[in-house]
Amino acid sequence: MRRGLEAVLMVVDQPATEYDLARAFDRSVQEITDTLEELSREYTEQGRGFDLRHVAEGWRFYTRPEHADIVEHFLKEGQEVRLTQAALETLAVVAYRQPVSRGRVSAVRGVNCDGVMRTLVLRGLVEETGQDPESGALLFGTTNYFLDRLGLRGLDELPDLAPFLPDDIEGIDDTGERTT
């Protein structure tokens, strides 16, 4: 079960609750909690570069604070890593809809985008631009670095989306759902 927990926690994009893990492993919540706490202690004792933490929402792997600068450098400049399809889609939604909340981006894409948004922020392509006055949600927009990387002087130089949209766009709201 320990290795299975590690495998699951390695791929989650948001903290996993003890309850959800207990259901997935068909074990008691207490057994899952005890195992997670034991793993967390072991990682700390071994001086691993990552930490298993219990946060308000559940359990998740995190980079140890003393390695945060290295990880940030790697994600921003240390590697010329191509963006995944999910990152490109998320970046496009932010670029064309900014300022936009994570929830709105997730609604447009149809999947949770929290992990992808964190990566885009770390890479300096997206940044917080304020708060939605109605919901209080953080709003995001693209950065000057984004414009620089795309060779654009401003957002007005983004290509028009109309040629890429379906012909029967009547009755479709801004999340892509049919309104009729």
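Quick rundown of the values:
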item: Virtual spin-label span in nm between Gln14 and Arg53, 7 Å along Cα→Cβ; result: 1.8 nm
item: Candidate values (1) 1.26; (2) 1.05; (3) 0.94, label of the one derived for Cα Rg over 2.2 N^0.38 Å; result: (1)
item: Qualifying trypsin sites (Lys or Arg not before Pro) in the stretch 112-152, DSSP loop, other Cβ atoms within 10 Å at most 12; result: none
item: Accessible area expressed per residue, the stretch 1-115, with surrounding protein chains retained (probe 1.4 Å, Å²); result: 62 Å²
item: Residues whose placed amide H lies under 5 Å from that of Ser101, excluding near-sequence neighbours; result: Phe140
item: Förster-model FRET efficiency, 22 Å R0, Leu39 and Thr84, C-beta, rounded to 0.05; result: 0.20
item: Taking the chain and dividing mean pair separation by its residue count, relative contact order in percent (alpha carbons under 8 Å, at least six apart); result: 15 percent
item: Euclidean distance of C-alpha centroids, the stretch 86-148 and the stretch 1-76, integer Å; result: 26 Å
item: Restricting the stretch 7-114 to GluC sites (Glu not before Pro) in coil, as DSSP defines it, with at most 15 other Cβ within 10 Å; result: Glu57, Glu80
item: Amide H within-cut-off set for Phe50, under 5 Å, with H built and near neighbours excluded; result: Arg64
item: Long-range amide H partners of Ala137 with built H, under 5 Å; result: Asp132
item: Carbon and sulfur %, accessible surface of the stretch 21-93 computed with the full protein complex present, 1.4 Å; result: 49 percent
item: Assigned charges on the beta-carbon of Lys, Arg, Asp, Glu; the stretch 1-110 dipole about Cα centre (debye); result: 560 debye
item: Where Thr33, Thr44, Thr17 fall by accessible area, highest first, once all protein chains stay in place (1.4 Å); result: Thr44, Thr17, Thr33
item: Gyration tensor verdict on the stretch 7-106 (Cα atoms; rounded if a/c is under 1.5, prolate if a/b is larger than b/c, oblate otherwise); result: oblate
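The values are calculated or read from the model by the stated rules, or taken from the named source; none is laboratory data. All of these numbers come straight from a predicted model, not from anything done at the bench. Backbone-built Cβ (ideal geometry, glycine too); neighbour counts: all protein chains shown. With ligands, DNA and RNA removed, areas are computed over all heavy atoms of the protein, side chains included. Shrake-Rupley method; radii C 1.70, N 1.55, O 1.52, S 1.80 Å.
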